[in-house]
Every structure is written in structure tokens, then in C-alpha cells.
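Below is one structure, written out as C-alpha cells, with a few remarks after it.
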């Protein structure tokens, strides 16, 4: 018999070979994606510390229940701050540490306090908050109330006699919810509650700092203040006439005088700034998440062989099938775009936040719309991309050991938190309509970058670009198409006097946002020569162009519907989308030899990916085997279920079978 | 102060009101969906037994780890067969019992044995298998091999001297995988292995029955046969020259003589019949899963109030927003279609399976293609629909208490198991191309119902239907559009001499399958008057029409691209899809008062749905609260993590904060 071929030995050979085909300098591109060599080295150092610390080992995680996960999470939090002290990490180092972890640690209330507390309150608490001398949670969502904060039921009634606020939860639905395990961890909370002035006037939601647990014995204390003296043990607190001192109101922008007069804030939307901050971070985060999906799926498809026999006599590497690589190479493109776009955006929000503090409000509305639309776009496409990655990997993609199921489950709520996507769509469209209705030919110069797509409607001689042989090699062509699509969809809603069709807002919001992103991608392409050497710039330019083309592909219905994409009015026997689709296929094929290099450039370690299928060395089957050995069920041959359940089942069955013979 | 409005009290009021607006007789429609009143009563009785048995309680499930879930699953399996004996349930009753459970109990090897074992082997084992006197698993997938069974590495070498087969796993990648917890439960397995004849000839994969554990002590025995005498404890067995008697080959259709000659089967594809059976069941199962998503999301949207203030002075019920109900009412439509379509299909496969046994092969190829395409369609749309349902419910949709996350996670591997979707697409297209290439005008009468859409290409005078005012009220119009789309996409691939664009196969496969389903929906509509009274028939007709219109909507790119949907070649300022989208919106609005009735008609109990948000009485907030009380973390005030992790963290932080002041 012929010598047995061992597929698991082939894995590393295939990975080495694929790694050697990349023409780019991976280090250069890695530094580009990681905001420079210095920041990359900091990330590398921090990952080195975390990944070798036994507490941060992930191998038992898939087998743990909620309670075990919680205990592990608390141990990790403590160790993280211990490491901070040991290694003298700065606050920025801690931000990096948190960004490379995938432990779903609870969000702190730190940004809210920093932005909205008065200097007096800050001087008392900020050092404690920053050093975890107290632990905080953010109590906004209620059991019956999410998106519409104006309808929160919890009240904070000001009592001028004692200069206190009385926090009260009048109903079951006013129970604070979605604060997760923090109900077990937090000593303090920032609570959203309707401010009620003496006389009963409701001023809408405001923020208050409230102590939840004693620092001595760590017992729930908030309910002791109540008249009835009841105590409840729950992760979802309800407040029964709990009193807090007046100074605990986060009143940097809106306060109450001692006698109970409302001090008008300089502007009503000030409290959005925390939300804006989170949303802008979501773009970068989505980029890095998609990057993980891209890395794992590209690596696995490089070493997985399945189906037809290739020229080397073995089954073909699955990445060589166009129906597969045309699905996963575009993930690289979206990851590259979101990482770079998000970084620029976070910088804008930082600038804005500082502007805010000194009262500069000029860009708030524009930024709000932009981050709303972007939040919808990156959460929708990010969720899709992680699922695409997972499905590209066959059965093993659905194993806990692929790592992608966890990424997906952790990310999918992004469609809802920090603003429900369908609610945000409405905001984007409202703002676009307002700009549209104010359009006039003289206003073109004053259109902001978020509204620039509307300029096409002003010039009567302007026309959408015509498709020619070179069209799909030109970023400008795709950008113009996407801008015209946005302009027509907004105009469509504006011109509709009867009810709009139900998907109109979603379509228009998506189009407006994609037109904005396309414009920014155009800028990124222009900036490439300054950021990278020519070879790397040329490859990343293709990555960006691919982003634009797949975005056009995903908008084909709108493009056809408004006549922006050439289709015959007559029945025709050939597929009008073929040219675009072949252009995408060609770009993907072009990028195929670079795929491992482009994904290596994200710089993920095996610890960060926590995926047997995404193993850097390609030895996926050995990694799967090793992970399965961690399964607690494998610790014994005969399971304890044998005596309790399996044996009775077998004996009953054998008795019945005998009776039938 | 005004009396406090309590939203949780409003829930039941809203649900009662919505229930009373349905004009249909829910009992009639429920019997229709449940295959008649008699079968409904059996389901009702079985659900009654299971849901009141403490072992089948689901309240602790979200908090369990894998090991705890396994132990619970084994206890449930044992109890299920105990109940079978107590209540004298038939095999069909057991099928119903399994279908109403959502416990992910392991798939048995029973169908494979029934279909492929010889009468001799059956007489020895079938009573034991049916009564669980032995427990089986199906060992097909290997660590390195899934879709392509011809490349499985495990061998079964025939040894004429001893009349045995020697089962061997030559490599790491040949380890049998994806047999789940059955490695801990099964006493026997049916294994797929390459049959090697004396002289070394490889006959490809065949099936063998192999004992894995002793019935006395339940210890792994398969590896004792090996020369080395090693034993391994693992859920993923590898076989080291394990010998089994010749009679253990499942050789109803292909066998080996005593001397080692291969006995040619009557036809090579015989072993597909088990796969076909599973796939046909998937259509019905997908229908019932979507039905759960529809029921939960429609009920929650009925009682959830959020956003604008409505005429009753309260926030509007979310189901009243077109952007929301236009997303979830179509789920009802897909559920109704798949349940009825799947039932018809399973009947066809049953007929086929009986035909198979007596050698009737005429319909095998046709049925194979049909079930391949349908498997792709129902898994893809089912996964999407569950996700749509979950996202329609705001933050609570992502809670374990919504129930939909579990449904989604259990169903999403359906995109891969029983045939990877992208591989199946290729099969569908290959069969369609074969029929296309054999087309001639004289052959129209012989086109099977799976290929009937191709008739449009034969008649030179035939033309696609023209859009008029009545178009979207006519099922025929949508059906014709979908047929023409399929015909053009298949023709496009046939006429492409260079490489097809990478998504071509997927697009064509989807179009061919949707054309087939559309045709069947046309038949279902025709049959409604015989199946239901006029009022109910009229409402269900709208449900079916909605299915057709949303299918057209999802195929718009193809319809535009081939000029089947009217769009101007010139740039135009109005949305060409508006008419279709408004027709869908109108249908959804029409069906809105029936939505609770149509979903009640599925007949799910609260135990089956296991969703706080889908509570029959609408009291969702009380149900959420009750579920949260089951969280083990809520059993104590101060978590055990306090001493180990939280206290050290707080003390360190307080020390550092003090140092900074």
C-alpha cells in the first residue's frame, strides 16, 4: 500500500507557503494599522504580559456557566489592576489592555462622571474612580424602557428642606435593568432619573451618583433608607424612596439651586456627548472585530483542503475556490476601512468633547448624525461579516473552538445598544431632509462633508457617471455612484407626500452613510502614498477599492431603481451586473497572494484570537484536538450520568426488546 | 401628583385587545397548521405531559454549563422513554414529543440502520435500537473531512481469513468528530469508512455497525482490540485496527462475499436516501422555528410601548410602526409556507423511500436536487428570520430570557450540516444546466415540476408579464416573475464561456428553488378553499401572497438585471420599487389585526416557547422579573468573588487614591 498521506502535516506547509507569497512588508502595514510603531510596541508588550499570565488563560472558558464566568471575570479585573501597578501602566496602557481582551468586562461609569460631574464632586471621587477604590455602574435602561429615555419612570424628587434628592422606582417596569453582573460588583452607580422639582414639575432625565453597597461589608445599602426598611437581593435594583445628598447630582451642565430652582443648561443636548464617544469608538472596534473574523477565516481556508483534486494531487485549498474567497477577502477590506476611518472619527469626537467643555457646540448636530449612521452601518455589516466568516469554515466554524461564535454573540447586541438601529435611521433621515429642504445653488460651499452628496441635485447639468471599461478600476466612479444614490433616496422621501414605504428610512440612512464613508475612503486612498511605501500603498489601495466595489454591489437595488446602473427597460438575456461582479472577483483574485500578509498585519496573537482554526502556524487540527482535551466531560471514561440516567434507560430498553422477541 | 401609570398592568390589556381583533377562527387555522384536529389533540396531550414534568422545566437552563446541560439531557432522555412506557406512546407519539422539545437531544442512527441494514442484522438489533436497549451514534464526519465523504480517511479492510473488517484511523485528521456528547452515551455506532478489499482496492465509503462500549460496565471497548492494547478516553474516537464481524456491514445495497468480492449495488446513490429524509424534514422544522420567532416577536411588539405618544395618551405599541411590522409580519408568511410545503415534501420522500426499497429510482435525482435547494433556502431564510425577530425586540431580544438567542444558536449550524449550502448550490445548478442543455420545444410536456420554469425559454413568443395596477394583488404575476428570473439565471451560466462570476451559482440555485416554491405556493392557494372556511381561507391567502411578494422583493437585483422589473435606462428621480414595497406594506397592514390570531394558531404553549417576551398573556415584564429570580448569582447578597477579587481591588484602589490626594 502507498504511504499514508497525513493532512495535519500538510497544514504548516500550506501556511508557510501562503505566508511567503505576500509581496508586502507585513511590519510596515502592521505599524500603519496600529497607529505607528511606538503604539504597536506598547500593544505587543501588554499582550505579552496578559497572554502569559495564568489568570488570562481562555482554555476553560467554553465550558463555564454564567456563575463561573462571573467569578473568573472578577479575578481578571483584580489582576488587571494589580498588573497595572506592577508594570506601572498608564491610563492609555490600560485602554490598550482592555482593547486586546475579549472578556466582556463591564463598562465603567468613568466617562460619564468625568464629563458631567462638577469640579467639587470630581475632587471627591475622581481618584477613587480611576483607581477602582470604588466600582461603578451606569443605571440607565429600565425593565420597560430603553431607546426613549424621556419615558424613564425612575424619579429623583428634590426636597429643599433637607437638600436631598429622593430616588424612587414607582413600578415594576421602572426597575433598572441591563446593568448585568454589576449589580453584584458595583459600590456606586450613576443613575438616570426624572428630576422632579418642588411643586411636581418634571424636568426629564438627569444623572445622579448613588452609593449602592457599603465599602466595609459590601452589603447592599440603598434600600435601607426606605420607609419600610425592606431589603432585596437582586442584580436589578429598585429604589424605594432612597435619599441622596444634593451634591450627588451630576450638575456640570444642569443643576438645582438650594431652594429648588432649575438652572438651565447652556444647551439641552449636552448629555449626548458620552453617547457620541462610545459610538465613535464602535467604528474602530467593529474594524478590529471584522479583522479577527477575516484573520481566522483566511487562515483556515488557507490550510483546509476539501473537494476537487488540485494540481498537487491533493484536495484543493478552500481559499482557492472563487465562491469562497470572494466572500472572505471583502472582510479584509471592511476591516482596513473601519480601523482607519474610526481612528479619524475618534479624534474628531475627542476634539469635539474638548470643544464642548468650553461651550463649542457648532459641530454637535453634524457629528451626532454621522455617528448615528456609522453606528448602524458598522454594527450591521460587522455582524454580517462575522457570520460570513463563520459560515465559510464548514462545520468547525460553529464549534466553540473556532472562536467566532463568541465574537458574534458578544457583538450582535451592538444592533441595539447605544441606540437602536432603526431609531437611529430615522435620525439620520430627519437631518438629511432638513439639509435637503434648505438646499439652494448658492449653498454648495457651505455643505458639510456629511451632506456633500446633495451637491449633485443642485447643478441641473450634472449627471451620474457613465459605465465604461475603466469604470470599476476608478475609486471616483464608485464614490460618485454612491453619492448619487444617497441624493436620490433622500429626494424620494422629500417628494413623497403620502406615507413613505416602510423601508425608505433604512435605505436612505444607509445610502447617506455609505456616501459619507465612500468620500472618506477616497481621502484615505489619496493619503496612502504619504503613509506607506509604494508597494504597500499599491496593495492597500486595492483593498480600499474592493471596499468601494462591494459597497456598490450591496446597493444595486437602489442603483437600478433610480436608473443609475444601466439595465435595459426591455427584457434582456444577459446579466447586467456581471461586469461589476467580475471586477470584484478579479480584485479578490489579485489580493489572494497577499491575504495571509494582509491579515498577519493586524498583529493578532493566538491568545487574542483564541481560535483553533486561526492558529498562526496553520496547525489547526492539532489545535482542535488540544482544545477538545480541555472538555471536563473527557476527564472520565464513564460519565456520572451512567448510573443516574443511561443505565436505567438501557435496562428498560433491553427488557422491552426481549419482550418483543 | 397624578396617579402613577403602571406599564406592566397595561400588557395584559393590550394583549387581550389584540387577540379580540382577529377575525379568523383560531381553532380552525390551528388544526389546519397541525395536520388536522386529531393530530393537534395528540400534540396537546403530549405537551401537557412534558410541560408539567419537573425534569422538563427549563428555568435553570440559561445558567448551566456544558457538563450540567449534558447531565440534564441524559436525565431527560431517560425520563422520555419512561413516559413513553407509562403513557403507552406509539413511535409517532414519540416523534411528536421530540418535535415539541428544544433540548438538542442527539440524533439517533435509527433511520440509517432501518434503511440500510440487511434483514439478518435488523432482526438482531432493531428492537434494541427502537427501545434504547442500545444507544447509537452516527460516525461520519472526521476532524479533517466533512462535505466530501469520498475523502474520508477511516478504513474498513476486509480480512477473508477471519471474515472480519478491520476498522482503522490512520491519522489525526481521520478522528471521527462532531458526534458530540454521544461519545459519552453511545454503546454502538454506525461508522462511515472506506471499504478496502483484499488486494488493497478502495471501494469508497460504506457503513458498518460497531460496538463502542460494554453493556455491562459501560466502558469504552473498541480500542481493546488493538495490537498495542492502548485505551483512550475521549469523545472523539480513533480506531486502532479494531476488528468487527463481517455481518456488521450495513449491506442491504452493497456487500462483500465471504471471499472478498464486492457485490455491486443496484445503483450507486442509494445511500443518499437517509440524507434526503433529514433534508425534507428540515423544511417543516424551519417553518416551526420561524413560527416561534414570529410568535414571540409579534406578541412582544403587541405589548411593548415605546417612542411616540399614540391616541390613547400612552407610548405607541411598537407593532403599530410600519418600519417594525413590515419586518416581522413576513415571518408569519414564511412559517405558514414552510410548514405546509414541508409536510407535502416529507410525504413525497416517504413515498420515495418505500419506492426505493423495491428498487424504484425514477424520482431520486429530481428529489435530490429539490431537497438540496430547499435545504439551502430554508436554512438561509430561517436563520435570517430568527435574527430579524430578535432584533425587532430591542435590548430584551438579546437576553437569554427572550428565548430567541438559543433558537438561533441551535439553528445556525443548519447552514452547514446535512450538506454545506455552497456545495449544495453547485448541485442544484449542475442539474439545472443538464436540463437546460436538453431542452427542446417538444420536451415541454416532460418537464418535471422542478424544471417547469424553463418552459418560458422554449416559446419564442412568450414574454415576461407586464406590471400593471393589479399586478401585486395577483399571485400568478409574482410566480411568473420568479420563474423567468430562474430561467434567465440558468441560461446566463449556460451561455457564459469564460469563468462565471463567483456568486452566479448561489444566485441561480436560489432562483431555481424560489421558482419551485412559488409554484407550490400557487397550488397551496388554489387548495385553500377546500382546506379552510371562506374567512380563514381569505386571510391565509393574503399570508401566502405576502410570501410571494417578499420573495420578489428579495430577488430585485436579478429582476432588474435581466430587465424583468421595469426601470428606466435613463436616470430617473423616482424609486421604481415603490409600488412593490407599498403593496407589501399594505398587505402587512391588512394582516396586522390578524397577527396575534395567526400566531396563536401555531398552538405554542409558554413552555414550548420558553420566552418571557412571548408570554401568551402578554405579561412580559412580570415574566422577565420571574426569570431573573432564577439566576444563581441572585441567591446571595454578597458574592463569593468579594473576598477573592473585589475586596483586594477596592483596597488597592483606595490606597492609591489616598496617595494621590
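A quick yes/no check of all residues on (1) over 19 Å from residue A:546 (Cβ atoms); (2) modelled with pLDDT under 95:
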residue	(1), (2)
A:469	no, yes
A:490	yes, no
A:496	yes, yes
A:502	yes, yes
A:522	no, no
Away from chain A (no Cβ under 11 Å), under 30 Å from residue B:354 (Cα atoms) and assigned to a helix (DSSP H, G or I): is that true of residue B:386 in this structure?
no
Quick check: is even one residue across region B:74-86 touching a helix residue (DSSP H, G or I) at 6+ places or on another chain (Cβ under 9 Å), buried (at least 17 other Cβ atoms within 10 Å of the Cβ) and either part of a loop (DSSP other than H, G, I, E, B) or away from chain A (no Cβ under 14 Å) (or both)?
no
Just need a number here: residues in region B:99-140 that are buried (at least 19 other Cβ atoms within 10 Å of the Cβ), free of Cβ contacts under 8 Å to residues at least 60 places away in the same chain and more than 30 Å from residue B:55 (Cα to Cα).
1
For residue A:273, are the conditions met, namely being at pLDDT below 70, part of a helix (DSSP H, G or I) and in contact with a helix residue (DSSP H, G or I) (Cβ under 6 Å, 6 or more places away or on another chain)?
yes
Output for Cβ contacts, cut-off 6 Å, separation at least six or different chains, first residue surrounded by fewer than 20 Cβ atoms within 10 Å (Cβ to Cβ) in region A:1-16, second modelled with pLDDT of 85 or more and not in a helix (DSSP H, G or I), reads A:1/B:200; A:4/B:170; A:6/B:171; A:12/A:617; A:12/A:618; A:12/A:619
Quick test of your reading of the structure: residue B:437 fulfils all but one of (1) within 10 Å of chain A (Cβ to nearest Cβ); (2) more than 27 Å from the chain's Cα centre (by Cα). Name the failing condition by number.
(1)
Do any residues in region A:499-525 that are at the interface with another protein chain (Cβ under 9 Å from one of its Cβ atoms) have Cβ atoms under 6 Å from those of residues that are surrounded by 24 or more Cβ atoms within 10 Å (Cβ to Cβ), where the two are at least six apart or on different chains, and which pairs are they?
A:505/A:425; A:505/A:429; A:506/A:425; A:507/A:489
Somewhere in region B:103-120, is a residue in contact with a strand residue (DSSP E or B) (Cβ under 6 Å, 6 or more places away or on another chain), within 30 Å of residue B:292 (Cβ to Cβ) and part of a loop (DSSP other than H, G, I, E, B)?
yes
Take the conditions facing chain A (nearest Cβ under 9 Å) and touching a residue at least 60 places away in the same chain (Cβ under 8 Å) and apply them to residue B:558. Does it pass?
yes
Condition check for residue B:407: away from chain A (no Cβ under 13 Å), under 30 Å from residue B:140 (Cα atoms) and surrounded by 17 or more Cβ atoms within 10 Å (Cβ to Cβ):
yes
For residue B:94: the one exception among (1) at pLDDT below 90; (2) under 21 Å from residue B:278 (Cα atoms)
(1)
Among the listed residues A:642, A:621, A:616, identify the single one that is in contact (Cβ under 8 Å) with a residue 40 or more places away in the chain and at the interface with chain B (Cβ under 7 Å from one of its Cβ atoms).
A:621
Can you tell me which of B:167, B:134, B:196, B:191 is under 27 Å from residue B:414 (Cα atoms) and either away from chain A (no Cβ under 12 Å) or in contact with a strand residue (DSSP E or B) (Cβ under 7 Å, 6 or more places away or on another chain) (or both)?
B:191
Looking at residue B:632 and the list (1) more than 7 Å from every other protein chain (Cβ to nearest Cβ); (2) surrounded by fewer than 21 Cβ atoms within 10 Å (Cβ to Cβ); (3) touching a residue at least 12 places away in the same chain (Cβ under 8 Å), which single condition is not satisfied?
(1)
Among A:489, A:545, which is more than 8 Å from chain B (Cβ to nearest Cβ), in a helix (DSSP H, G or I) and either touching a strand residue (DSSP E or B) at 6+ places or on another chain (Cβ under 6 Å) or in contact (Cβ under 8 Å) with a residue 60 or more places away in the chain (or both)?
A:545
Considering only region A:579-661, give the helices (runs of 4 or more DSSP H) lying wholly within it that have at least 2 residues that are more than 27 Å from the chain's Cα centre (by Cα).
A:620-628, A:647-660
Odd one out for residue B:600, checked against (1) more than 9 Å from chain A (Cβ to nearest Cβ); (2) modelled with pLDDT under 95; (3) surrounded by 16 or more Cβ atoms within 10 Å (Cβ to Cβ):
(2)
Of the numbered conditions (1) touching a helix residue (DSSP H, G or I) at 6+ places or on another chain (Cβ under 8 Å); (2) surrounded by fewer than 16 Cβ atoms within 10 Å (Cβ to Cβ); (3) closer than 22 Å to residue B:405 by Cβ; (4) more than 14 Å from every other protein chain (Cβ to nearest Cβ), residue B:58 satisfies every one except a single condition; which is it?
(2)
Please specify each residue of region B:442-480 satisfying the condition of being outside any loop (DSSP other than H, G, I, E, B), over 15 Å from residue B:516 (Cβ atoms) and out of contact with any helix residue (DSSP H, G or I) (no Cβ under 6 Å at 6 or more places or on another chain).
B:442, B:443, B:445, B:446, B:473, B:476
Do you know which of the residues in region A:645-654 that are farther than 13 Å from residue B:214 by Cβ and facing another protein chain (nearest Cβ under 7 Å) is surrounded by the most Cβ atoms within 10 Å (Cβ to Cβ)?
A:649
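The values are calculated or read from the model by the stated rules, or taken from the named source; none is laboratory data. All values derive from a computational prediction rather than experimental measurement. For neighbour counting, all protein chains shown are included, and Cβ atoms are generated from backbone atoms with ideal geometry for every residue, glycine included.
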